[in-house]
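Notes follow the structure.
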Amino acid sequence: MFVRGMPDLHWDVRSPPIIGNDGIAFEWTLTGTNTGTWGGVRATGQKIQLKGMSFLRIRNGKIVYQSQVYDSAALNRQLGL
């Protein structure tokens, strides 16, 4: 959905990841311009800057769980929705 809605999407990791025995957590920032459809909504042409975090659980060298946390209300405000 993010790539389709913002083809110029840029993803930056904001800090070194926190690495544990079976997991990794890190902060990130996404920036881009909404020029494509977003969940069925037409493009708004708005630029966004979204901060969030990702959590990954690793087992036997493979990702077995992944979750992202971000402020969806802030994203909607930036998109003008």
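The values are calculated or read from the model by the stated rules, or taken from the named source; none is laboratory data. In this text the structure is predicted, and so the values were computed from the model without any measurement. Neighbour counts are summed over all protein chains in view; Cβ atoms, including those assigned to glycine, are modelled from backbone coordinates with ideal geometry. Only protein heavy atoms, including side chains, enter the accessible area calculation; ligands, DNA and RNA are left aside. Shrake-Rupley method; radii C 1.70, N 1.55, O 1.52, S 1.80 Å.
Some observations on this one:
- Residue in the range 39-50 that is surrounded by fewer than 15 Cβ atoms within 10 Å (Cβ to Cβ) and within 11 Å of the chain's Cα centre (by Cα) present: yes
- Conditions (1) in contact (Cβ under 8 Å) with a residue 24 or more places away in the chain; (2) within 17 Å of the chain's Cα centre (by Cα); (3) surrounded by fewer than 12 Cβ atoms within 10 Å (Cβ to Cβ); number of the one not met by residue 36: (3)
- For the range 42-64, the condition holds for at least one residue, the condition being that it is in contact with a Lys or Arg (Cβ under 6 Å, 6 or more places away or on another chain), over 13 Å from residue 5 (Cβ atoms) and free of Cβ contacts under 8 Å to residues at least 24 places away in the same chain.
- Within the range 13-24, tally of residues that are open to solvent by less than 70 Å² (accessible area, probe 1.4 Å) and within 11 Å of residue 52 (Cα to Cα): 0
- When the range 25-81 is filtered for residues that are basic (Lys, Arg), touching an Asp or Glu at 6+ places or on another chain (Cβ under 9 Å) and closer than 17 Å to residue 12 by Cα, only 51 remains.
- The number of residues in the range 33-49 that are on the phi > 0 side of the Ramachandran plot and at pLDDT 90 or above comes to 1.
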